[in-house]
Structure formats: structure tokens, C-alpha cells
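The values are calculated or read from the model by the stated rules, or taken from the named source; none is laboratory data. The shown structure was predicted, so the numbers you read here are calculated from the model rather than taken from an experiment. Reconstructed Cβ throughout: ideal geometry from the backbone, glycine too, with neighbour counts over all protein chains shown.
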Amino acid sequence: MENSNIFKLVFLTLLSMIIGYLGGNSESDQNVKNILLIIVDDLRPEIGAWDQSHIKTPNMDKLANQGTSFTRAFCQYANCAPSRKSFLTGLSPETTGHRGSFNTYNAVMNHTSLPGYFKKYGYYTASVGKVYHNAMDDRDSWDYYFDVGDLDHPEKVPWECYGLVENQRIAENLRPAVESADLPNEDYNDFQLCQMALKQLEENKDKKFFLSIGFRKPHLPFAAPKRYWDRYNRNSLPKVVYLNAPEKGDTIVYQWSELASYKWYSEHYKTDNFRNNYVPEKRRKELQHGYYACVSYIDDLVGLLVEKLEDLQIEEKTAIVLLGDHGYHLGDQQIWGKHTCYHLSTNVPLIVYDPQMSHDNKVCSKFVELIDLFPTLAGLGGLPKPDKIDGKSLVPLLDNENVEGFEVAFNQYQSFQDDVSIKDLMAYAIHSEDYSYIEWQDLNDDRKVVQQELYQLKENKIELLNIARQPENKEIIEELSQRIEVRFSPFRRAYDEYVQRLKESN
């Protein structure tokens with residue numbers, strides 16, 4: 001009888017282990033968190049909760065007050081496609097080759113992406129909206145995929161998102177940069193994306209899920225329903241304090257501006273050197289007004305998502321991460337857009353809310369990067385630490401801001417324009433407490449440094465005067481340049497391996 005009981009006990013134990021392995025309701029499974037990843041295009045780190053009282057973002061404010069705000073989070077690249085490919089794979093743009101599709105890289109390197117990692121561990125994965133920039137990238141990592149337009153032909157996806165039908169049909173250079181129309185939310189693409197995300201939450205509330213939604217606003221054109229424009233008094237908007245390009249500074253990124261592709265600006269603003277050109281104040285205020293209206297519009301949609309989690313009673317087991325894919329200049333430093341290594345292009349909003357941790361409106365001022373998102377979300381989801389990635393987890397910072405290893409941040413940028421004078425130049429940047437250093441290397445001339453920029457940052461954290469040519473800064477530049485070399489050298493070796501494999505496969 002005793003042997004029989006022992007046999008029965010062993011059998012039940014083994015059965016329990018098998019059920020747990022196959023995804024049953026094991027104790028560890030109960031601690032697994034869902035992930036809701038909210039990506040906002042062109043979002044500046046400018047919300048009400050971060051002492052920016054002029055902008056109306058009550059839902060992002062609430063999320064910030066409940067979670068941890070990383071005020072010094074930096075993207076790897078101030079351009080949509082390489083930034084997203086980087087944080088969704090955990091790989092530096094230098095590792096994958098910043099241009100091109102992730103599919104091309106993955107075909108020879110067999111790299112598991114962030115959503116693919118969660119899918120591997122039994123999560124239901126869903127992509128809604130602009131998550132990857134390339135709609136065809138990494139499709140196998142998603143159990144569900146949705147976006148507006150013709151998904152099999154990404155070039156037909158209406159990323160510009162006007163509300164008025166007549167504006168949707170206008171050709172490039174004739175399209176308006178702003179749109180304020182008295183239309184319902186249903187007429188705008190981002191609302192449609194939000195509705196689909198809400199439906200996904202409803203249908204999959206009993207599963208462990210990884211849901212990512214990518215909103216397109218406040219990307220140009222600044223188009224939002226009129227009632228969001230009405231939340232702001234244009235005459236009361238804050239003035240742009242630093243309108244001028246940095247003194248003795250960059251000469252490369254000022255050769256192009258995305259604003260010049262829109263009506264009026266394509267005729268009156270387009271130039272070969274935007275360091276010598278300004279947008280008139282009246283139009284500058286209109287653009288600023290439109291940007292804030294779009295941010296408030298997206299804030300309302302963020303509120304709908306968080307409210308849905310509460311209605312479904314899954315908010316206590318769902319981690320929420322909200323971020324911008326890169327920053328944005330609203331005329332600051334004579335720039336409209338991103339595409340630089342300056343703070344306003346690369347410093348992004350990042351809020352992490354873990355329902356199982358007490359944040360109490362925590363603010364973390366450590367230097368972190370979006371490349372750290374992959375291991376961070378894996379940690380929040382209770383998954384093993386991923387390997388073969390270039391970032392590091394931010395989870396320790398949620399408990400203790402004094403963790404070492406987060407003293408600087410890096411990024412890079414290469415113009416995607418065809419101008420032969422600049423197309424082969426790559427900028428590498430390092431940002432620290434006191435300095436931002438940027439060096440431009442000629443990729444076709446053995447990485448010869450053709451331009452250096454050193455900015456001493458004060459409280460405003462904006463680049464004003466390039467002091468790279470001052471003799472007393474020689475040692476500082478040498479140190480920061482060496483840190484760039486140490487940081488990027490392993491990524492370059494990994495890229496060389498990728499190129500070699502690519503050649504062998506062809």
C-alpha cells in the first residue's frame with residue numbers, strides 16, 4: 001500500500017510538471033505579465049507630468065504618475081525605420097546595417113526579434129498600426145497583424161493620416177502641413193488603429209499577450225479633429241527659445257528638411273541650406289499648434305487603451321510601456337523634424353509601468369537607450385534573459401536608480417538623401433551629463449573624421465555652441481571619440497559577419 005501511494009505521488013508530480021511545461025496554470029505562469037507596448041511617432045519628451053504645463057496630456061500624465069519615467073532615454077537613430085528595427089530586435093543599427101528590411105538581415109542571421117521572443121514562449125503576439133516602419137518586416141513573429149491600407153503593398157499604406165478625403169488625394173508637395181477639420185475621431189486612421197487594439201484586448205484577455213500599437217500622429221502632417229485644436233490658445237503657446245542653429249555647429253543635417261515637402265513650404269521654404277532659412281512666425285505658431293493638437297489627440301487614444309485594461313480587469317497583470325521612436329524639433333535650432341544627433345532629435349519619452357511594483361511617480365535620470373527595450377520587456381514578462389542582443393535590461397533601475405552602467409547614451413545618423421556630398425557620411429554621438437559629442441565619419445574613406453562637434457550642456461540640455469575647435473578641449477574630444485570607437489567596434493564586427501554570410505548565401 002505504501003509503495004502504491006509513493007507511486008501515485010510521483011505520478012501526480014510528473015503530471016503537474018508536464019502540464020506546467022505545456023503551458024498549464026502553473027504557479028510561475030500566474031506571475032507572467034501581459035505586455036502593452038505603445039509607440040508614438042515623432043513624440044517629444046513633452047507631457048504635462050514632466051513639468052510641461054502648456055501641453056494637455058492627462059492620460060500620459062496618469063501613466064507617468066503610476067510608472068517610472070526615464071527622462072534621459074535616447075533612440076539609436078533619429079529616423080523611423082532604423083530606430084524601430086533597432087528596438088524591436090535589440091540590435092544596434094550598426095549591427096544590422098541601418099538601412100533595409102529586417103527580413104533581409106534575418107534571412108541569413110536567423111535572429112529572434114522582440115515579438116518573436118514572446119511568441120516563442122507562448123505569448124499571443126499582435127501588431128496594430130505602425131510598429132515596424134516596413135509593414136512587411138518580421139510578419140512571422142506576429143499571430144495577428146493589422147494596419148490601415150493595403151498591407152501587401154506598404155507603399156499604399158496612407159501613413160499621412162488626413163481626415164478630409166480631399167487632402168488624402170493630394171499629391172506630394174501640394175499636401176497641406178496642417179489640417180483642422182470638424183470631423184469625428186472615426187475619420188482618422190489612428191482612431192481606427194485604437195479600435196482594433198481595443199478589440200484585440202477584448203478577444204485575448206484570457207491569454208498571455210504581447211500587444212504593440214503604433215500611432216502615426218503627431219508625425220507630419222499635423223492633422224487632428226478641430227476639437228483638439230480648440231484645447232489650445234495659439235497666442236498662449238510657449239515661444240521657441242532657441243531658434244538659431246548651433247553656432248559653429250553642424251553643416252550636414254541642414255541640407256534637407258521634411259517640412260519642405262508640404263504645400264507653401266515646398267515653394268517658400270525649400271533651400272539648399274536650412275541654416276540660412278526660417279519659417280515665418282505666423283506659420284511657426286500654426287505648426288506648433290497643430291503638433292500639440294495631435295499629441296492631445298493621441299493622448300485620448302492612450303486613455304482608451306488603459307481604460308480598457310481596467311474594464312477587462314487585467315490591468316494588474318499587464319505591464320505598459322509608452323515611448324516615442326525618436327524626438328522632434330518644432331523649429332528649435334532651425335530644424336523642423338528629426339534627422340540629427342542633437343538632444344531634441346534623440347531624447348525620447350519612455351514610461352514603464354509594472355503593476356507589481358510600487359513606482360509612486362518615480363523619475364529615473366540615468367542615461368538609457370531604446371535598444372534596452374528588448375531585455376527590459378523580457379524581464380517584465382518573466383522570460384529568460386535573451387542572448388545575442390546589444391542592449392541591457394532596465395528592470396534593475398525600476399527598483400534602484402543607483403545601478404551603475406547607465407552614465408552615457410549613444411546614437412548615430414546618416415542622411416538618407418542622395419546628395420553625393422553627404423550620403424556617405426555617418427554621425428556617431430555620445431551624450432553624457434556634461435557633454436554631447438558628435439563626429440562625422442566618411443564611410444568611403446576609411447572612416448576619416450570630417451566634422452567634429454562638442455557641446456557643453458547646461459540646464460537647458462540643448463546644443464548652442466560647438467567648442468570642438470578650442471584647444472583646451474582636445475583631451476575631452478579624444479576621450480569621447482575613443483568611447484564611441486569602443487562602443488561601436490563590436491557592432492561593426494557583427495555587421496561584417498552578416499555581410500560575409502549574405503555573400504555566401506547568394
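Tallying residues that are within 21 Å of GLN76 (Cβ to Cβ) and of a type in the set (Gly, Ala, Ser) within segment 464-506 yields 3.
Figure legend. Inter-residue proximity from segment 491-503: first residues surrounded by 11 or more Cβ atoms within 10 Å (Cβ to Cβ), second residues at pLDDT 95 or above and hydroxyl-bearing (Ser, Thr, Tyr), beta-carbon distance below 6 Å, spacing 6+ or different chains. Indicated pairs: PHE491/SER92; PHE491/THR95; ALA494/THR95; TYR495/THR95.
Answer yes or no as to whether ASP446 is under 18 Å from GLN414 (Cα atoms), loosely packed, with under 14 Cβ neighbours inside 10 Å and among the acidic types (Asp, Glu).
Numbers: under 18 Å from GLN414 (Cα atoms): yes; loosely packed, with under 14 Cβ neighbours inside 10 Å: yes; among the acidic types (Asp, Glu): yes.
Judged against the criteria, ASP446 is a match.
Candidates in segment 317-338 are the residues that are in contact with a Lys or Arg (Cβ under 9 Å, 6 or more places away or on another chain) and among the charged types (D, E, K, R); of these, the one that is surrounded by the fewest Cβ atoms within 10 Å (Cβ to Cβ) is LYS317.
Among the residues making up segment 394-425, none is free of Cβ contacts under 8 Å to residues at least 24 places away in the same chain, farther than 23 Å from ASN361 by Cα and outside any loop (DSSP other than H, G, I, E, B).
Selection of segment 50-79 for residues being among the hydroxyl-bearing types (Ser, Thr, Tyr), surrounded by fewer than 23 Cβ atoms within 10 Å (Cβ to Cβ) and closer than 27 Å to TYR413 by Cβ yields only THR71. Could you please give the count of residues in segment 264-286 that are in contact (Cβ under 8 Å) with a residue 40 or more places away in the chain, crowded, with 18+ Cβ neighbours inside 10 Å and assigned to a loop (DSSP other than H, G, I, E, B)? Of the residues in segment 264-286, 1 are in contact (Cβ under 8 Å) with a residue 40 or more places away in the chain, crowded, with 18+ Cβ neighbours inside 10 Å and assigned to a loop (DSSP other than H, G, I, E, B). For PRO115, the conditions (1) of a type outside the set (Gly, Ala, Ser); (2) touching a helix residue (DSSP H, G or I) at 6+ places or on another chain (Cβ under 7 Å); (3) crowded, with 22+ Cβ neighbours inside 10 Å; (4) under 26 Å from ALA260 (Cα atoms) are fulfilled apart from (4).
In segment 28-58, the residue that is modelled with the lowest pLDDT out of those that are touching a helix residue (DSSP H, G or I) at 6+ places or on another chain (Cβ under 8 Å) and in a helix (DSSP H, G or I) is SER28. Looking at segment 426-437, which of the residues that are assigned to a strand (DSSP E or B) and free of Cβ contacts under 8 Å to residues at least 60 places away in the same chain is farthest from THR340 (Cα to Cα)? Here the residue is TYR435.
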